[in-house]
Each structure stands twice: as C-alpha cells, then as structure tokens.
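Okay, structure first, notes after.
No value in this document is a laboratory result; all are computed from the given coordinates. Small disclaimer: the values here were computed from a predicted structure and weren't measured. Neighbour counts run over all protein chains shown; Cβ positions are idealised from the backbone, glycine included.
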Amino acid sequence: MIRRKICWILFLSLTLLVKPYAWSKTIAVILSRSIPPFEAALEGFQENTLRKVRKFNMQGDAEQGRRIIQSLSVQNIDLLVTIGSEATRKAAEYENSIPAVYTMVMAKTEFTERRAAGVLMQVELREQIKNTKKLLAYSDLSHAETIGVIYNPYYSSSEIKQGREIVQDLGMRLIPIAVTNNNEITDALNKLTKDKIGILWSVLDKTVGNQAVIKLLIQHSHTEKIPFVALSRHHVKAGVLMAFSADYKDVGAQTAELAEKMLRSRETQPLEYPRHIILYVNPKIMEILKIKKMPRMEGIQVIEE
C-alpha cells in the first residue's frame, strides 16, 4: 500500500514536471496587416493552439517587419508563424534557425537555412475546375466543356500549365489567351468568343485581376451568356456566376495544426491547401444562364447582388 502511494506521488510529480515543459514552447505570430481575412486566420489559429503566442503586426510597413524579425533572434521563440505575403516575404529574407510556418499566401515560399511549411489561401486548381464542371452539369449551356482564360505569362504561366493538365484529365478543354497589358483584353475576349468557349475562368494575375478588367470580363460574360468563374465573394456580388474561396478562419486552425507538427517533429512537412472550400454562387446569374439547380456540395453560399 505504501509502495503504491509512493509510485502515485512520483507519477504526479513527473506529470507536473513534464506537462509545463510540453506546452512551454512559444510561437511568434506576425500579421502582415489588419484586414478581415488575416484577422479571421489569426482568430482561427489562436483558438486552436495551446502554445504561448506572441503577436506582432507589420501594419503593411516593410521596415516595421524588418525590426520585428530581427527582434525575434534575442527572444525565446520556438516557431515563427507569418500571416500574409508581406510578413512571409520579410521572414524569408533573413537567415534564422527558428522554423517557420506561413499562411494566407498564394504560392509556396522558399526559406533559406531553416525548416518551413505553409498553408496556402488559394483553393487547389483541381477542386476549382472539378466543382465548376459539377455545377455546369445542371445547365443547358452548349460548349460547357470548353474553358477560356486570359492571362499574362509573366505572372501566371505555371498556373495555366497546371490548369491545362487538370482540364485534360477531366475530359475538358482549355483555351488560354496571353496578354501583356490591359489594352489587349478586349481583343482577347473577342478571340475567346470566336472559339465558342463555354466557361470564362479567372486566375490570380496582376494584369487580369484588377478591378477595371474584372468589370470588363463581367460585362462580356453577361452579353455573351457565358458563365464567369472568378476569385472572390466580391466578384460574385458584382455579377460573376461563382467563385471559390477558402474558409479563412479554418485556414488559421489548419495552420495551428501544422505548427504543432513542426514543433513536435523535425521531419519536412508538405505544403497544404485549404481543407474547407466555400463556393459563392449568384442565383440571379444562375437564372440568366438557365442553370436548373445547384449540385450537392458542402460550403455553398448564395450571394445576392
């Protein structure tokens, strides 16, 4: 009996010693700036980690970001988390032994002299195209298997190459039209109309993604009765048929899980895409395009103009 009590006391003592150590790791989180998507990701991260978190905000200031990054070298930080491309780029500029997890960026970021992993904010292309095909299966549109896209090769050639392979795998056809500036957009749209595309697709591209060009693409899609698949909820509200987006708060939760893997293991972690997708749909445009019903998909949100 006495021996059992002694063993129990030793067990409790070890528990009290090990548990604080297990959760004593400290994470520094650097926010690029205070905007709703980043704030949502930060909230999701904080709600899903038991680690001590020190928060910093660059406020969009590169010099402020430099000062924050340099200050971490003299602090007891076990992992760095960056939210947004500005903070991620700034962290990648400096060689440091602190492992990093980046999130709410559109593409993989290379870090030197340190372990790094990331969660992108961009919905995987295969998921976008596969679900677009699923939705348009309920329409009376002709040529719905042919996707047209306007892009600047300087910004998005790799995305177009990947998209072409995915489209072919799904038994569809991709017609990409390359442009170098905004003045070429109208001619590119006319070419796509002549090619009888069934879907107008938008990729993340600085030339094609600005507000003026998106407005032009929306007007063309309405005139030609071509469904336009764009990149954000705001585009759908402006008259686009549909857009795919990540659940930003869940991206933060997913980042917290990846951060925990990085703290517990020194193995290389794969780049991750958002696991929860939101499909924004405009019902008025559905009616114009004679799309009879929506497919059975989780995460559909109807947006009214």
Using the Cα centre as the reference, give the magnitude of the dipole from point charges on the C-beta atoms of the chain (Lys, Arg: +1; Asp, Glu: -1; all else neutral), rounded to the nearest 20 debye.
1020 debye
Could you run the Karplus curve 6.51 cos²θ - 1.76 cosθ + 1.60 with θ = phi - 60° over the range 249-255 and give me ³J(HN,Hα) per residue in whole Hz, x for Gly and Pro?
5, 6, 4, x, 5, 4, 5
What does the charge dipole of the range 159-305 about its Cα centre add up to, to the nearest 20 debye, if the Cβ of each Lys and Arg holds +1 and the Cβ of each Asp and Glu holds -1?
360 debye
What whole number of Å gives the distance from the Cα centroid of the range 23-41 to the Cα centroid of the range 195-254?
28 Å
Net charge of neighbours whose Cβ lies under 13 Å from the Cβ of Q128, counting Lys and Arg as +1 and Asp and Glu as -1:
+1
Could you tell me which label, among (1) -0.31, -0.72; (2) -0.45, -0.85; (3) -0.38, -0.84, carries the value of log10 I(q)/I(0) by the Debye sum over Cα atoms at q = 0.08, 0.12 Å⁻¹ calculated for this structure?
(2)
In the neighbourhood of T49 defined by beta carbon distances under 11 Å, the net charge of the other residues (Lys, Arg +1; Asp, Glu -1) is 0
What is the fewest-to-most order of M172, M58 by other Cβ atoms lying within 10 Å of their Cβ?
M172, M58
Below 8 Å, C-alpha to C-alpha, sequence gap of six or more: please give me the relative contact order for the chain in percent.
19 percent
Across every pair of different alpha-carbon atoms, what Kirkwood hydrodynamic radius in Å does the range 58-215 reach?
18.2 Å
Along the charge dipole of the range 17-135, pointing to its positive end and built from +1/-1 on Cβ of Lys, Arg, Asp and Glu, which listed residue (S73, P36, A117) has its Cα farthest out?
A117
Calculate for the chain the 222 nm mean residue ellipticity that helices alone would give, adding -39,500 (n - 2.57) per DSSP H run of length 4 or more and normalising by residue count, nearest 500 deg cm²/dmol.
-13500 deg cm²/dmol
Taking neighbour counts of Cβ atoms within 10 Å as a proxy for exposure, in what order, fewest first, do H235, H276 appear?
H276, H235
Counting every Cα pair in the range 198-305, what percent are over 23 Å apart?
39 percent
I want the local charge near Y280. Using Cβ-Cβ distances under 10 Å, sum +1 for each Lys or Arg and -1 for each Asp or Glu among the other residues.
+2
Evaluate the charge dipole of the range 35-144 about its Cα centre and quote only its size in Debye, nearest 20, assuming +1 on the Cβ of each Lys and Arg and -1 on the Cβ of each Asp and Glu.
220 debye
Gain on full stretching of the segment that runs from E257 to E93 - 0.36 nm per residue minus C-alpha separation
56.5 nm
